[in-house]
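Participant: Got a structure here, written out as structure tokens. Questions coming.
Where a number appears in this text, it was derived from the coordinates with a stated rule and is not lab data. Treat the numbers as computed from the prediction; the structure is a model and nothing was measured. Note: ideal-geometry Cβ built from the backbone for every residue, glycine included; neighbour counts use all protein chains shown.
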Number of protein chains: 2
Amino acid sequence: MDQILRVNVSRGTIAAEPLPESWRELGGRGLVARIAMDEIPPDCHPLGPHNKLIFTVGLLAATPLPCSGRLSAGGKSPLTGGIKESNAGGILAAKLARLGFRALVVEGDSRCLAPDVPELNSGTSGHGEGGEGGGPGRWQVLYISRDRLELRPAGDLAGLGVYAAAAKLRDAFGPKAALALVGPAGEGRLPAAGIATLDKDGSPSRYCARGGMGAVMGAKGLKAIVVDEAGGANLPLAHREAFRAAMGRYTEILQTNPQTSQVYTFYGTAAMVSMANTYGGLPTCNFSSGQFPGAEAISGERLHDLILERGGEGDLTHACMPGCVIKCSNVFAGPDGKVIVSPLEYETIGLLGSNLGLADLDAIARLNWLCNDVGLDTIEIGAALAVAAEAGVLDFGDAVAAARIIEEAREGTPPGRLVGSGAMAVGRAFGNIRVPAVKGQAMSAYEPRAVKGTGVTYATSPQGADHTAGLTIRAKIDHLKPEGQAALSKKTQVNVAAFDTMGLCLFVTPAVGWEHQVMVDLLNARFGSRRPPEYITELGRQVLGLELEFNRRAGFLPLDDRLPEFMAQEALPPHQVVFDVSGEDLAGVFEDLRGQVNGFRNSKFEIRLPP
Amino acid sequence: MDQILRVNVSRGTIAAEPLPESWRELGGRGLVARIAMDEIPPDCHPLGPHNKLIFTVGLLAATPLPCSGRLSAGGKSPLTGGIKESNAGGILAAKLARLGFRALVVEGDSRCLAPDVPELNSGTSGHGEGGEGGGPGRWQVLYISRDRLELRPAGDLAGLGVYAAAAKLRDAFGPKAALALVGPAGEGRLPAAGIATLDKDGSPSRYCARGGMGAVMGAKGLKAIVVDEAGGANLPLAHREAFRAAMGRYTEILQTNPQTSQVYTFYGTAAMVSMANTYGGLPTCNFSSGQFPGAEAISGERLHDLILERGGEGDLTHACMPGCVIKCSNVFAGPDGKVIVSPLEYETIGLLGSNLGLADLDAIARLNWLCNDVGLDTIEIGAALAVAAEAGVLDFGDAVAAARIIEEAREGTPPGRLVGSGAMAVGRAFGNIRVPAVKGQAMSAYEPRAVKGTGVTYATSPQGADHTAGLTIRAKIDHLKPEGQAALSKKTQVNVAAFDTMGLCLFVTPAVGWEHQVMVDLLNARFGSRRPPEYITELGRQVLGLELEFNRRAGFLPLDDRLPEFMAQEALPPHQVVFDVSGEDLAGVFEDLRGQVNGFRNSKFEIRLPP
């Protein structure tokens, strides 16, 4: 019943094929890792014809379970050069799953590899559209419905911002169509480009943001993917009653846990601003302090009050996907009651706000909208702009200059492209060693010197610096001390890898993250399997093992599992702490998971590695 | 007698210490490798306080031997992240050696690591001089003479181009002083920044160009090094007569070999333009063809005729160091007889000429002067500009646009800094997979698909893509075929590593490269040792072993010894060849040299690696 959809953009072919039996209980992040391992040569160029853009749905997608509809997008990352899985909420994954597709694999390369040799001193280069990859004619939209699978020309969408392009697509395909699309950043193959998808209200603001998968979509010549689920249906459950019972327990836990039923609901992720600032772990002015003088002005409490005060289109408790019981999302409106952006999240506030010296929620929200429209990861861009600010390109706190640079990324000018290449590229160009990134990817809004477990996650995750790979801030531990952080990070990373594979939102984990009996009951009821609760951990371990092995083959070493040098040397105010988790501890995190590559093996597709 | 000079810019100390006994027969490239291995943590940031800038002189420096005065500059490369040794002609090495210094090691970091946290929305960043590294006050000149060693403030030199700065320094220190200095590119810590030194006529145009060592000098806060050799003397020879005899044979071979006595002398390295074009191996328009329609207009023959025609300050046969018998260098004058640049070399003509679609020697010479003045590697910049041209930033053949971008590198604008970050950075920003670079360093002017042995060198050299590490074009082999190229490259690389360690110019190798008896006679006569001729090869092997081990510890894998993907896929006109030396052949090149790290070990300085 479940299928894999393969699209080859070189040949213009689309074909559905049965889901291999070995992948029957694999989805989301785990399936991305398995397909990448089997089919992507780990040493290929991420923007070349050998990389693949892999979309997957989770194991519990298209079931009635709340928060089960995350969409994973992955492949080899143009930002890190390693494996990447970036997931987003919204409506696409459930619709794709309801059509019976567990994964969508985009292969090939729409561009002619060799440029024409230009005439001598002819005054034109013959392929000057490099930024746009050869002119608008080549852009395509992939249309997926029960009855039709096709690649259509999308010339009229080329160059459009995400909001305008999504509006055009919704006009053309109707308000029920789910979309994934790239903005000018993805078209221009910028390493910080993400992939936008629609939320349940049609706003294209749920992002597979991290690791540059938008650039891979751009390299494949896809401006958008449209999924029309008409005729689709929820997936069969092996044991309907058992599923209902487990789902009842799951929902009840979510609805009684204070984090998932109150904090996220009323303050959104922005609740974290005050908490991180109190801990001295709020990235401020390019990670030069852990406390921001303007923290109160950008806090979740302030956001909450502003939304209520202003009314209008603002909405305090918004769900990105139907049936969500947490509703962490929000709609942020300006003084005139008109929406500025939805959602406005903690990571964005941290990176485009405090880390950029900006204490103004309206200004942050407008930068957020702009990044969304250009199609950029707000975390990477906030970090890149702050490195640029430290180099004197703009002033900290200058939202107008920041917006101008993001607009330049849209236009594809060299300064815009430099910032759109991410924080590491900016640091390199400006000779600045203070770049908060690991494996080429910028850190999120948890200062690793003050939240050391999350620092271990940044250092060791095969995904590069990424809080969603294993956030430790809610653990009962002294976050300033190095002791115990490696074990904490590992446990968290393994667990999250399993939840990402099930397609669940990260925000269920404060409530059900360790309710492994409930989770395995859900899987067993869905698939008719009889797994013990320990399987959740085993699943996470297998997924991480695959990712680590992909990275090993791509050229990563345990040596790459380090934070930037300056964080071990420069004491962070206010606690005057350096990152002092030992190299030995870091090297030990995944020691036992290296070489774990046999889970879910599907020999049919496995590539042969060059000798 | 021989000493090591250590300068710590954090503490402002300068101290001479005796050359360790184990380094008595080590110099040049080999001594760079040994010091790097012992003293630089391989995983440090190249621009941070733990990297060192190492200058060394060769084993035969400050002897009467012609062509023995190359200056090596090295450390961990900001461009490749691996070991770097870049050498240049001119007069500094001999003078440093005549003062008794085998090496000069610059340590520490002149910058304060942590920036001040700026005031909230204050409108200034508090450290906006990032590009210049904290304002002109911090720049220093290191002065070295027999009686005085000192660091002097150099505020009045900050921001000056290399030619103007050198003129000021010569005014201040007299026309006999030798100089090494950086331009605005090095001050700005650009990864393509080189270190300029004076030729024998006082022109600051001999460059330790490759790998960004100018950025390391900038990171150490050194604008210039001045060496006054007054009171110095040639180094003692253990066996004066034996040295004289061997030197006689060496000189005779140089003076009778057609390459070293005629081709280099009358046509300079530019003779290679016609040869490479004939082979179909002249990089053209970002490595998209091996033949350039305008090759004749930029050939060595044309250069020769132009210099003779124009007369004036032009000079066909110029020596960069006193006593050179090859005199490959030239002085290129414009139609008015005034010098445009000296020298104008093949690699520059290939990268800033054919590879940029530019068929005009005057225009190339002006771009060359501009790169020299800003302090940039012409190879890296030519490659970076061509990648930018392919992306539509400028037109191929547009010298005015190219000059404008190089001027922007001087000014430190984002577009200038992007190009000054090298070809790989430009490719990343523009999503262009056609980047002719290995380990982050751009290829020189030999197309590896058409000159496959040199392609093997690019792929496998621990220095990154660099023809000087092992140029194979003069070997009797079918350069288009993959067979035998790995062995040829290895043999050449091992041999060159020995010559680089002796401090000899690469251009003696066509004549005496395999005259190992002569070479070992020279070493034996200099040091009173009794080495067999096989020692030359052994020396090269030990040096490469050290470099490979440094890179291994820095995180390089055999996987990194590859050419870019597109060169294996895209057939190169006119021969329609791809790079098809097998991964197995590439992996085998240095298999037996990995782990060779005991040569010249000096345990006194060895760093402890983190666990």
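Participant: 7 Å along Cα→Cβ for the label point: how many nanometres lie between A:E411 and each equivalent label in the other copies, listed shortest first?
Facilitator: Distances between equivalent label points, in nm: 1.5.
Participant: Where the eigenvalues come from the Cα gyration tensor of chain B, what are the semi-axes √(5λ) of the equivalent ellipsoid, largest first, in whole Å?
Facilitator: Working from the Cα gyration tensor, I get semi-axes of 31, 30, 25 Å.
Participant: Put a dot 7 Å past each Cα toward the Cβ at B:S10 and A:R249; how far apart are the dots in nm?
Facilitator: Result for the modelled spin labels: 5.7 nm.
Participant: Continuing with this model, one more query. Averaged over A:483-495, how many beta carbons belonging to a partner chain fall within 10 Å of each residue's beta carbon? Show your work: numbers first, answer last.
Facilitator: Details: counts 0, 0, 0, 0, 0, 0, 0, 0, 0, 0, 0, 0, 0.
Partner Cβ neighbours, averaged per residue: 0.
Participant: When the helix-only estimate is applied to chain A (DSSP H runs of n ≥ 4, each -39,500 (n - 2.57), divided by the residue count), what is the mean residue ellipticity at 222 nm, nearest 500 deg cm²/dmol?
Facilitator: Mean residue ellipticity at 222 nm (helix-derived): -10000 deg cm²/dmol.
Participant: Looking at this model, which pairs from A:K481/B:K84; A:K200/A:K220; A:K76/B:K491; A:K95/A:K452; A:K490/B:K220 are more than 31 angstrom apart at the alpha-carbon?
Facilitator: Violating the 31 Å Cα-Cα cut-off are A:K481/B:K84; A:K76/B:K491; A:K95/A:K452; A:K490/B:K220.
Participant: Based on Cβ point charges of +1 for Lys and Arg and -1 for Asp and Glu, what charge dipole magnitude is obtained for the protein assembly as shown about its Cα centre, in debye rounded to the nearest 20?
Facilitator: My answer is approximately 1840 debye.
Participant: Cut-off under 19 Å on the C-alpha distance; same-chain residues fewer than 8 positions from B:K176 excluded. Which aspartates and glutamates are left, in chain and number order?
Facilitator: B:D147, B:E150, B:D199, B:D201, B:D228, B:E229
Participant: Taking only the C-alpha atoms, wrap a convex hull around region A:257-314 and report its volume per residue in Å³ as a whole number.
Facilitator: On the way: hull volume 5.3 nm³, N = 58.
Convex hull volume per residue, Cα atoms: 91 Å³.
Participant: Take peptide B:410-416, look around each residue's Cβ out to 10 angstrom, count Cβ atoms belonging to other protein chains, and average those counts.
Facilitator: Values: counts 0, 0, 6, 3, 15, 7, 3.
For this peptide, the per-residue mean of nearby foreign Cβ atoms is 5.
Participant: Would you kindly work out, in nm and rounded to one decimal, the distances from the label point of B:G323 to those of the same position in each other copy, ordered shortest first, with label points 7 Å along Cα-to-Cβ?
Facilitator: Label point to label point, same position, other copies: 8.5 nm.
Participant: If R0 is 56 Å, what FRET efficiency do you get for A:E17 and A:E411 from their C-beta distance, rounded to 0.05?
Facilitator: Once the sixth-power term is evaluated, E becomes 0.85.
Participant: With N set to the number of residues, divide the alpha-carbon radius of gyration of region B:286-361 by 2.2 N^0.38 Å and report two decimals. List each step's numbers first, then the result.
Facilitator: Details: Rg = 13.2 Å, N = 76, 2.2 N^0.38 = 11.4 Å.
Normalised Rg, Cα atoms only: 1.16.
Participant: Just to verify a number: FRET efficiency for A:A172 and A:R601, C-beta to C-beta distance, R0 = 51 Å, to 0.05?
Facilitator: Values: r = 41 Å, r/R0 = 0.81.
Efficiency, from the Cβ-Cβ distance: 0.80.
Participant: Neighbouring Cβ atoms within 10 Å as the yardstick, rank B:M567, A:M275 fewest first.
Facilitator: Values: B:M567 25, A:M275 16.
In order of increasing Cβ crowding within 10 Å: A:M275, B:M567.
Participant: With labels modelled as points extended 7 Å from the Cα through the Cβ direction, what inter-label distance (nm, one decimal) is found for A:A403 paired with A:A164?
Facilitator: Calculated label separation equals 1.7 nm.
Participant: Quote the charge dipole size of region A:142-212 about the Cα centre in Debye, to the nearest 20; the model charges only the Cβ of Lys and Arg (+1) and of Asp and Glu (-1).
Facilitator: Dipole magnitude for region A:142-212 comes out near 180 debye.
Participant: Would you mind getting me the FRET efficiency between A:V339 and A:A230? Use the beta-carbon distance for r and R0 = 22 Å, nearest 0.05.
Facilitator: 0.15
Participant: Moving on to the next point. Quick one: of the DSSP bridges fully inside region A:137-263, what percent are antiparallel, nearest 5?
Facilitator: 75 percent
Participant: Consider the operator that turns chain B into chain A: which B residue has a Cβ nearest its axis, and what is that gap in Å?
Facilitator: It is B:L418, 2, counting Cβ atoms only.
Participant: So if I place +1 on the C-beta of Lys and Arg and -1 on the C-beta of Asp and Glu, and nothing else carries charge, what would the dipole magnitude of chain B be about its Cα centre? I want it in debye, nearest 20.
Facilitator: It comes to approximately 1560 debye.
Participant: While we're on this one: For the protein assembly as shown, what is the convex hull (Cα atoms) projected area averaged across all directions, in square nanometres?
Facilitator: The Cα convex hull of the protein assembly as shown, projected and averaged over all directions, gives 42.0 nm².
Participant: Next question. Can you list, largest first and rounded to whole Å, the semi-axes you get for region B:35-92 by taking the square root of 5 times each eigenvalue of its Cα gyration tensor?
Facilitator: 26, 11, 8
Participant: With just the Cα atoms defining each centre, how far is region A:196-210 from region B:315-352? Give it in Å.
Facilitator: Result: 60 Å between the Cα centres.
Participant: Label position 7 Å from Cα toward Cβ: report the copy-to-copy distances for A:R249 in nm, one decimal, ordered from shortest.
Facilitator: Distances between equivalent label points, in nm: 8.8.
Participant: Right, something else. Going by C-beta contacts inside 10 Å, put B:S288, A:S68, A:S582, B:S145 in order with the fewest on the left.
Facilitator: Exposure proxy ranking, most exposed first: A:S582, B:S145, B:S288, A:S68.
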